[in-house]
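Here the structure comes first, spelled out in structure tokens, and everything after it is commentary.
The values are calculated or read from the model by the stated rules, or taken from the named source; none is laboratory data. Everything numeric here is computed off the predicted structure, so don't read it as measured data. Note: accessible area is taken over every heavy atom of the protein model, side chains too, but ligands, DNA and RNA are not part of it. Shrake-Rupley method; radii C 1.70, N 1.55, O 1.52, S 1.80 Å.
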Amino acid sequence: MKVKSSKPKATSQSRNIRKGLDSSNGEIMAPAAIQDIEPTVRKLLSQLGENPDRNGLQETPRRVAKALTYLTQGYHQDIDTLLNDALFPIQYDEMVIVKDIDFYSLCEHHLLPFFGKCHVGYIPRKHVVGLSKIPRVVDMFSRRLQVQERLTVQIAHTIQEKLNPHGVGVVMEARHLCMSMRGVEKQNTVAVTSEMLGVFRRQQQTRDEFLKLIRQRGVDAD
Ligand SMILES: [Zn+2]
């Protein structure tokens with residue numbers, strides 16, 4: 001059987017995706033201090049026609065600056081530090097699935113949230129990763145300005161690169177507030193994206209098993 005390579009072509013875009021960078025031409029800068037972001041938020045409030053000095057808004061610039069800094073902290077996390085000491089050698093080559101991982105991200109077009117569930121599966125080659133680390137990888141890439149497609153690709157390629165498994169599958173289902181808040185008829189639209197690498201891409205049986213398992217009701221489902 002001819003085996004198709006699942007490696008992405010080495011365009012600058014895919015190199016940056018694999019490095020975890022979000023733009024094709026730049027390194028991530030250090031974040032501004034919270035007190036440096038506050039005046040910008042205050043100005044924005046004025047520009048929206050609000051009075052930033054009224055009671056309810058006095059603390060808002062500080063809160064917004066803190067919230068946005070928290071929600072974009074993923075730029076400044078290091079994947080190797082995050083995975084440190086959590087790779088275990090193992091003789092196990094069946095599928096490992098972590099599903100229904102809640103995630104919250106910000107769309108880079110509107111700075112509005114998109115959020116939902118992420119499902120990750122992989123087939124170990126020599127190592128498994130501590131199960132709690134998978135949601136942390138999802139968080140690290142979610143807490144940036146994102147588009148859902150790139151977020152999905154980054155999670156999959158990072159796991160492929162760091163664990164070197166036989167393959168990885170990632171499926172993300174999300175609601176985008178930029179769609180549901182702005183369009184009356186799009187309120188319940190869910191966007192689904194997926195990235196399949198290695199055997200998940202090559203073997204339909206593997207892919208089907210993964211998709212079937214993530215559709216099954218969990219132990220604590222309602
Ligand atoms: Zn948007």
Amide H to amide H under 5 Å from Leu112: which residues, 5+ apart in sequence or cross-chain, H placed 1.01 Å off N in plane?
Cys107
Per residue, how large is the accessible surface of the stretch 25-111? Use a 1.4 angstrom probe and give square angstrom.
70 Å²
Checked against a 23 Å limit on the C-alpha separation, the offending pairs among Lys43/Lys117; Lys133/Lys162; Lys162/Lys212 are Lys43/Lys117; Lys162/Lys212
Residue-ordered couplings for the stretch 59-65, obtained by feeding phi - 60° into the Karplus form 6.51 cos²θ - 1.76 cosθ + 1.60 and rounding to whole Hz (Gly and Pro as x), are 8, 4, x, 5, 5, 5, 4
Length gain on complete extension for the stretch Glu94 to Gln73, per 0.36 nm per residue less the alpha carbon to alpha carbon distance?
4.2 nm
Residue span Leu57 to Gln35: 0.36 nm per residue of separation minus Cα-Cα distance leaves a gain in nm of 6.3 nm
Whole-Hz Karplus couplings 3J(HN,Hα) for the stretch 99-107, θ = phi - 60° and coefficients 6.51, -1.76, 1.60, Gly and Pro as x, run 10, 6, 6, 5, 9, 9, 9, 10, 6
Can you bin the stretch 23-86 into rounded, prolate or oblate? Criterion: square roots of the alpha carbon gyration tensor eigenvalues sorted a ≥ b ≥ c, rounded for a/c under 1.5, prolate for a/b above b/c, oblate for the rest.
prolate
Overall Cα dimensions of the stretch 102-222, principal axis frame, Å, largest first:
47, 28, 28
Accessible area, 1.4 Å probe, largest first: how do Leu71, Leu83 sort?
Leu71, Leu83
